[in-house]
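Report on one structure; see the data block that follows.
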Amino acid sequence: MNEVKEVEIVEGAIIQSGGAQNALAERVTLARPPAVVLEEARQAAVALQDVLAKKPRKVMMNNEQYLEFEDWQTVGRFYGVTAREDGDPEYVQLGPIAGFKASAVAVLAGGEILSRATAYCLNDEEKWRARSKYEYHMVLKDGTTAPEEQSNKSDWVWEPNPNKDGNRPKRERVLVGEEPVPLFQLASMAQTRANAKVLRNVLAWVVVLAGYRPTPAEEIDAEPNARTETAAKPPAGNGGQKGAPVTTESVLGGRVESATTKRNPVPPKHEPDPRPKSNPPKPSQRRLEEPEECEHGVNIRESCVECEAYTASAG
(Lines give C-alpha, C1' and ligand atoms only; values in the text may rest on other atoms or scores of the structure.)
Protein backbone atom coordinates (compact mmCIF):
# COMPACT_ATOMS: atom_id res chain seq x y z
CA MET A 1 0.00 0.00 0.00
CA ASN A 2 1.26 3.46 -0.89
CA GLU A 3 2.55 5.63 1.96
CA VAL A 4 0.52 8.78 2.63
CA LYS A 5 2.69 11.85 3.29
CA GLU A 6 1.47 14.96 5.04
CA VAL A 7 1.92 18.18 3.12
CA GLU A 8 1.46 21.83 3.98
CA ILE A 9 0.45 24.51 1.48
CA VAL A 10 1.92 27.93 2.20
CA GLU A 11 1.15 30.75 -0.27
CA GLY A 12 0.72 28.38 -3.17
CA ALA A 13 3.90 26.35 -2.48
CA ILE A 14 3.69 22.73 -1.39
CA ILE A 15 6.05 21.99 1.49
CA GLN A 16 6.57 18.40 2.43
CA SER A 17 6.52 17.98 6.19
CA GLY A 18 8.49 15.45 8.12
CA GLY A 19 11.93 14.10 7.42
CA ALA A 20 12.55 15.81 4.05
CA GLN A 21 11.90 19.26 5.49
CA ASN A 22 14.09 18.58 8.50
CA ALA A 23 16.89 17.35 6.24
CA LEU A 24 16.69 20.57 4.20
CA ALA A 25 16.88 22.67 7.35
CA GLU A 26 19.97 20.79 8.45
CA ARG A 27 21.71 21.66 5.19
CA VAL A 28 20.95 25.39 5.49
CA THR A 29 23.55 26.26 8.11
CA LEU A 30 26.24 28.86 8.58
CA ALA A 31 29.12 28.20 6.22
CA ARG A 32 31.51 30.43 8.18
CA PRO A 33 31.31 32.49 11.39
CA PRO A 34 29.44 35.75 10.61
CA ALA A 35 32.02 37.84 12.45
CA VAL A 36 34.77 36.54 10.18
CA VAL A 37 32.71 37.10 7.03
CA LEU A 38 31.83 40.67 8.01
CA GLU A 39 35.38 41.54 9.02
CA GLU A 40 36.64 40.39 5.60
CA ALA A 41 33.87 42.39 3.95
CA ARG A 42 34.85 45.44 6.00
CA GLN A 43 38.42 45.19 4.72
CA ALA A 44 37.15 44.87 1.15
CA ALA A 45 34.80 47.85 1.64
CA VAL A 46 37.59 50.07 2.98
CA ALA A 47 39.86 49.11 0.08
CA LEU A 48 37.05 49.82 -2.40
CA GLN A 49 36.42 53.26 -0.88
CA ASP A 50 40.10 54.08 -1.31
CA VAL A 51 40.07 53.03 -4.96
CA LEU A 52 36.87 54.87 -5.88
CA ALA A 53 37.89 58.04 -4.06
CA LYS A 54 40.91 58.33 -6.37
CA LYS A 55 38.95 57.95 -9.62
CA PRO A 56 39.42 61.07 -11.77
CA ARG A 57 35.89 60.70 -13.17
CA LYS A 58 33.03 59.46 -11.04
CA VAL A 59 29.53 58.49 -12.17
CA MET A 60 27.21 60.53 -9.98
CA MET A 61 23.43 60.82 -9.83
CA ASN A 62 21.49 62.58 -7.10
CA ASN A 63 24.80 63.11 -5.27
CA GLU A 64 25.40 59.36 -5.02
CA GLN A 65 28.18 57.43 -6.71
CA TYR A 66 27.61 54.38 -8.89
CA LEU A 67 30.14 51.69 -9.79
CA GLU A 68 31.15 51.06 -13.38
CA PHE A 69 32.00 47.61 -14.73
CA GLU A 70 35.71 47.96 -14.02
CA ASP A 71 34.86 48.90 -10.40
CA TRP A 72 32.81 45.71 -10.06
CA GLN A 73 35.78 43.82 -11.47
CA THR A 74 37.92 45.27 -8.68
CA VAL A 75 35.51 44.00 -6.03
CA GLY A 76 35.41 40.64 -7.75
CA ARG A 77 39.21 40.37 -7.59
CA PHE A 78 39.03 40.72 -3.82
CA TYR A 79 37.09 37.46 -3.69
CA GLY A 80 38.55 35.65 -6.70
CA VAL A 81 35.37 36.14 -8.75
CA THR A 82 35.42 37.08 -12.43
CA ALA A 83 32.74 37.55 -15.08
CA ARG A 84 32.68 36.10 -18.58
CA GLU A 85 30.27 36.16 -21.49
CA ASP A 86 27.84 33.28 -21.75
CA GLY A 87 27.57 33.04 -25.53
CA ASP A 88 27.49 35.72 -28.21
CA PRO A 89 25.21 38.77 -28.07
CA GLU A 90 21.81 38.03 -29.61
CA TYR A 91 20.06 40.50 -31.91
CA VAL A 92 16.46 41.15 -30.81
CA GLN A 93 13.62 42.89 -32.63
CA LEU A 94 10.56 43.99 -30.65
CA GLY A 95 8.37 45.75 -33.17
CA PRO A 96 10.10 49.04 -34.04
CA ILE A 97 12.59 48.56 -31.21
CA ALA A 98 15.83 46.72 -31.94
CA GLY A 99 19.06 45.98 -30.13
CA PHE A 100 20.96 43.18 -28.44
CA LYS A 101 20.75 41.03 -25.36
CA ALA A 102 23.74 39.33 -23.76
CA SER A 103 24.33 36.93 -20.89
CA ALA A 104 27.25 36.50 -18.53
CA VAL A 105 28.24 34.25 -15.63
CA ALA A 106 30.23 34.89 -12.48
CA VAL A 107 32.83 32.21 -11.87
CA LEU A 108 35.45 31.37 -9.28
CA ALA A 109 39.06 30.70 -10.19
CA GLY A 110 38.35 26.98 -10.25
CA GLY A 111 35.55 27.40 -12.80
CA GLU A 112 32.58 27.07 -10.43
CA ILE A 113 29.65 29.18 -11.67
CA LEU A 114 28.11 31.34 -8.96
CA SER A 115 25.46 33.33 -10.87
CA ARG A 116 24.11 34.16 -14.31
CA ALA A 117 22.61 37.40 -15.63
CA THR A 118 21.09 38.73 -18.86
CA ALA A 119 21.03 42.36 -19.94
CA TYR A 120 19.73 44.35 -22.91
CA CYS A 121 20.74 47.43 -24.85
CA LEU A 122 17.97 48.67 -27.17
CA ASN A 123 17.54 51.68 -29.38
CA ASP A 124 14.50 52.91 -27.44
CA GLU A 125 16.93 54.37 -24.91
CA GLU A 126 17.69 58.02 -25.49
CA LYS A 127 21.45 57.55 -25.34
CA TRP A 128 21.41 54.54 -27.66
CA ARG A 129 18.85 55.63 -30.25
CA ALA A 130 20.72 58.39 -32.06
CA ARG A 131 23.67 60.67 -31.60
CA SER A 132 24.47 64.17 -32.71
CA LYS A 133 26.22 64.48 -36.05
CA TYR A 134 28.73 67.28 -36.58
CA GLU A 135 30.59 68.67 -39.57
CA TYR A 136 33.25 71.34 -39.97
CA HIS A 137 31.98 74.29 -42.00
CA MET A 138 33.78 77.32 -43.34
CA VAL A 139 33.29 80.57 -41.42
CA LEU A 140 32.12 83.32 -43.79
CA LYS A 141 32.69 87.05 -43.64
CA ASP A 142 29.02 87.74 -42.99
CA GLY A 143 29.19 85.74 -39.74
CA THR A 144 27.49 82.60 -41.06
CA THR A 145 28.93 79.19 -41.87
CA ALA A 146 28.63 76.91 -44.89
CA PRO A 147 30.09 73.62 -46.15
CA GLU A 148 33.29 74.08 -48.12
CA GLU A 149 31.77 72.76 -51.34
CA GLN A 150 28.81 75.15 -51.02
CA SER A 151 30.76 78.36 -50.42
CA ASN A 152 33.08 80.66 -52.34
CA LYS A 153 36.70 80.99 -51.34
CA SER A 154 36.45 84.76 -51.53
CA ASP A 155 33.83 84.72 -48.73
CA TRP A 156 35.96 82.75 -46.25
CA VAL A 157 37.44 84.17 -43.09
CA TRP A 158 41.19 83.59 -42.83
CA GLU A 159 43.26 83.23 -39.68
CA PRO A 160 46.99 82.79 -38.92
CA ASN A 161 48.24 79.25 -39.29
CA PRO A 162 49.91 78.21 -35.99
CA ASN A 163 51.81 75.36 -37.66
CA LYS A 164 53.48 77.23 -40.51
CA ASP A 165 53.82 80.63 -42.08
CA GLY A 166 50.78 82.09 -43.75
CA ASN A 167 47.05 81.95 -43.15
CA ARG A 168 44.44 79.24 -43.27
CA PRO A 169 40.65 79.28 -43.65
CA LYS A 170 38.75 79.39 -40.36
CA ARG A 171 36.49 76.41 -39.71
CA GLU A 172 33.79 75.81 -37.11
CA ARG A 173 32.22 72.60 -35.82
CA VAL A 174 28.51 72.70 -36.62
CA LEU A 175 25.65 70.40 -35.58
CA VAL A 176 23.98 69.15 -38.77
CA GLY A 177 21.57 66.51 -37.41
CA GLU A 178 21.51 63.05 -35.87
CA GLU A 179 22.71 59.61 -36.91
CA PRO A 180 21.77 56.15 -35.56
CA VAL A 181 24.08 54.57 -33.01
CA PRO A 182 26.02 51.74 -34.72
CA LEU A 183 24.65 48.31 -33.85
CA PHE A 184 28.03 46.97 -32.75
CA GLN A 185 28.04 49.56 -29.95
CA LEU A 186 24.66 48.32 -28.72
CA ALA A 187 25.99 44.75 -28.72
CA SER A 188 29.08 45.81 -26.78
CA MET A 189 27.05 47.67 -24.17
CA ALA A 190 24.74 44.69 -23.71
CA GLN A 191 27.79 42.56 -22.90
CA THR A 192 29.18 45.16 -20.51
CA ARG A 193 25.86 45.42 -18.71
CA ALA A 194 25.56 41.65 -18.39
CA ASN A 195 29.06 41.33 -16.93
CA ALA A 196 28.50 44.14 -14.44
CA LYS A 197 25.07 42.78 -13.50
CA VAL A 198 26.29 39.27 -12.74
CA LEU A 199 29.04 40.62 -10.47
CA ARG A 200 26.40 42.77 -8.80
CA ASN A 201 24.34 39.62 -8.13
CA VAL A 202 27.21 38.14 -6.14
CA LEU A 203 28.94 41.15 -4.56
CA ALA A 204 26.32 43.89 -4.12
CA TRP A 205 26.27 43.36 -0.36
CA VAL A 206 29.93 44.40 -0.12
CA VAL A 207 29.34 47.50 -2.27
CA VAL A 208 26.37 48.54 -0.12
CA LEU A 209 28.48 48.01 3.00
CA ALA A 210 31.01 50.45 1.52
CA GLY A 211 28.24 53.03 1.11
CA TYR A 212 27.61 52.94 -2.66
CA ARG A 213 24.55 52.22 -4.76
CA PRO A 214 24.24 48.59 -5.91
CA THR A 215 22.95 49.35 -9.42
CA PRO A 216 25.72 49.21 -12.05
CA ALA A 217 26.35 52.58 -13.66
CA GLU A 218 25.85 51.14 -17.15
CA GLU A 219 22.20 50.40 -16.35
CA ILE A 220 21.41 54.01 -15.52
CA ASP A 221 19.98 56.10 -18.33
CA ALA A 222 21.66 59.20 -16.90
CA GLU A 223 21.99 62.66 -18.34
CA PRO A 224 25.42 63.60 -19.77
CA ASN A 225 26.14 65.89 -16.80
CA ALA A 226 25.68 62.97 -14.40
CA ARG A 227 29.36 62.15 -14.97
CA THR A 228 31.48 64.63 -13.08
CA GLU A 229 35.15 65.02 -12.30
CA THR A 230 34.69 64.84 -8.54
CA ALA A 231 31.95 63.47 -6.33
CA ALA A 232 29.61 66.07 -4.89
CA LYS A 233 29.36 64.14 -1.61
CA PRO A 234 31.43 61.33 -0.08
CA PRO A 235 29.85 57.87 -0.06
CA ALA A 236 27.70 56.79 2.82
CA GLY A 237 29.31 54.28 5.12
CA ASN A 238 29.36 53.21 8.75
CA GLY A 239 25.69 52.53 9.12
CA GLY A 240 24.48 55.23 6.73
CA GLN A 241 26.53 58.12 8.06
CA LYS A 242 27.71 60.15 5.09
CA GLY A 243 31.43 59.91 4.49
CA ALA A 244 32.15 57.86 7.62
CA PRO A 245 34.60 54.97 7.23
CA VAL A 246 33.38 51.40 7.40
CA THR A 247 34.44 49.96 10.74
CA THR A 248 34.01 46.65 12.45
CA GLU A 249 31.96 48.45 15.07
CA SER A 250 29.49 49.70 12.48
CA VAL A 251 28.96 46.14 11.23
CA LEU A 252 29.20 44.00 14.33
CA GLY A 253 28.49 46.51 17.09
CA GLY A 254 30.63 46.91 20.17
CA ARG A 255 33.65 49.00 20.99
CA VAL A 256 35.99 48.04 18.17
CA GLU A 257 38.16 50.51 16.29
CA SER A 258 38.88 50.13 12.61
CA ALA A 259 42.38 49.44 11.35
CA THR A 260 42.41 52.76 9.47
CA THR A 261 41.62 54.67 12.67
CA LYS A 262 44.43 52.95 14.52
CA ARG A 263 46.93 53.61 11.75
CA ASN A 264 45.89 57.19 11.09
CA PRO A 265 44.56 58.80 14.27
CA VAL A 266 43.08 62.24 13.73
CA PRO A 267 44.80 64.78 15.99
CA PRO A 268 42.56 67.23 17.88
CA LYS A 269 42.20 70.67 16.42
CA HIS A 270 43.47 73.65 18.43
CA GLU A 271 42.26 77.14 17.75
CA PRO A 272 45.12 79.67 17.45
CA ASP A 273 45.40 82.42 20.05
CA PRO A 274 44.06 85.58 18.37
CA ARG A 275 46.19 87.85 20.60
CA PRO A 276 49.47 89.06 19.09
CA LYS A 277 52.50 87.19 20.35
CA SER A 278 54.86 89.78 21.74
CA ASN A 279 56.88 90.11 24.89
CA PRO A 280 55.03 92.21 27.47
CA PRO A 281 56.82 95.46 28.31
CA LYS A 282 58.25 95.90 31.78
CA PRO A 283 56.14 98.06 34.10
CA SER A 284 58.99 100.52 34.45
CA GLN A 285 59.07 101.05 30.69
CA ARG A 286 55.40 101.99 30.31
CA ARG A 287 54.70 105.44 28.99
CA LEU A 288 51.91 107.78 29.99
CA GLU A 289 50.31 107.52 26.56
CA GLU A 290 49.81 103.77 26.92
CA PRO A 291 46.31 102.36 27.68
CA GLU A 292 45.01 102.24 31.21
CA GLU A 293 45.15 98.43 31.15
CA CYS A 294 48.04 96.10 30.58
CA GLU A 295 47.90 93.47 27.88
CA HIS A 296 46.46 91.02 30.39
CA GLY A 297 43.41 93.21 30.97
CA VAL A 298 44.49 94.42 34.43
CA ASN A 299 44.43 98.11 35.33
CA ILE A 300 47.98 99.39 35.43
CA ARG A 301 47.33 100.91 38.87
CA GLU A 302 46.64 97.44 40.21
CA SER A 303 48.97 94.53 40.63
CA CYS A 304 49.14 92.13 37.67
CA VAL A 305 50.43 88.74 38.66
CA GLU A 306 51.66 87.94 35.18
CA CYS A 307 53.46 91.24 34.74
CA GLU A 308 55.08 90.84 38.15
CA ALA A 309 56.16 87.37 37.23
CA TYR A 310 57.71 88.75 34.06
CA THR A 311 59.44 91.56 35.99
CA ALA A 312 60.78 89.10 38.53
CA SER A 313 62.17 86.81 35.87
CA ALA A 314 63.65 89.72 33.92
CA GLY A 315 65.21 91.27 36.97
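The values are calculated or read from the model by the stated rules, or taken from the named source; none is laboratory data. Just so it is clear, the model here is predicted, and its values are computed rather than measured. Here Cβ is always computed from backbone atoms with ideal geometry, including for glycine, and neighbour counts include all displayed protein chains.
I'd like the full set of residues that are surrounded by 14 or more Cβ atoms within 10 Å (Cβ to Cβ) and in contact with a His (Cβ under 8 Å, 6 or more places away or on another chain), limited to the stretch 117-149.
Hits for the stretch 117-149 are Thr145, Ala146.
Check the stretch 226-248 and report whether any residue there is at pLDDT 90 or above and within 19 Å of Leu48 (Cα to Cα).
No; the residues of the stretch 226-248 include none that is at pLDDT 90 or above and within 19 Å of Leu48 (Cα to Cα).
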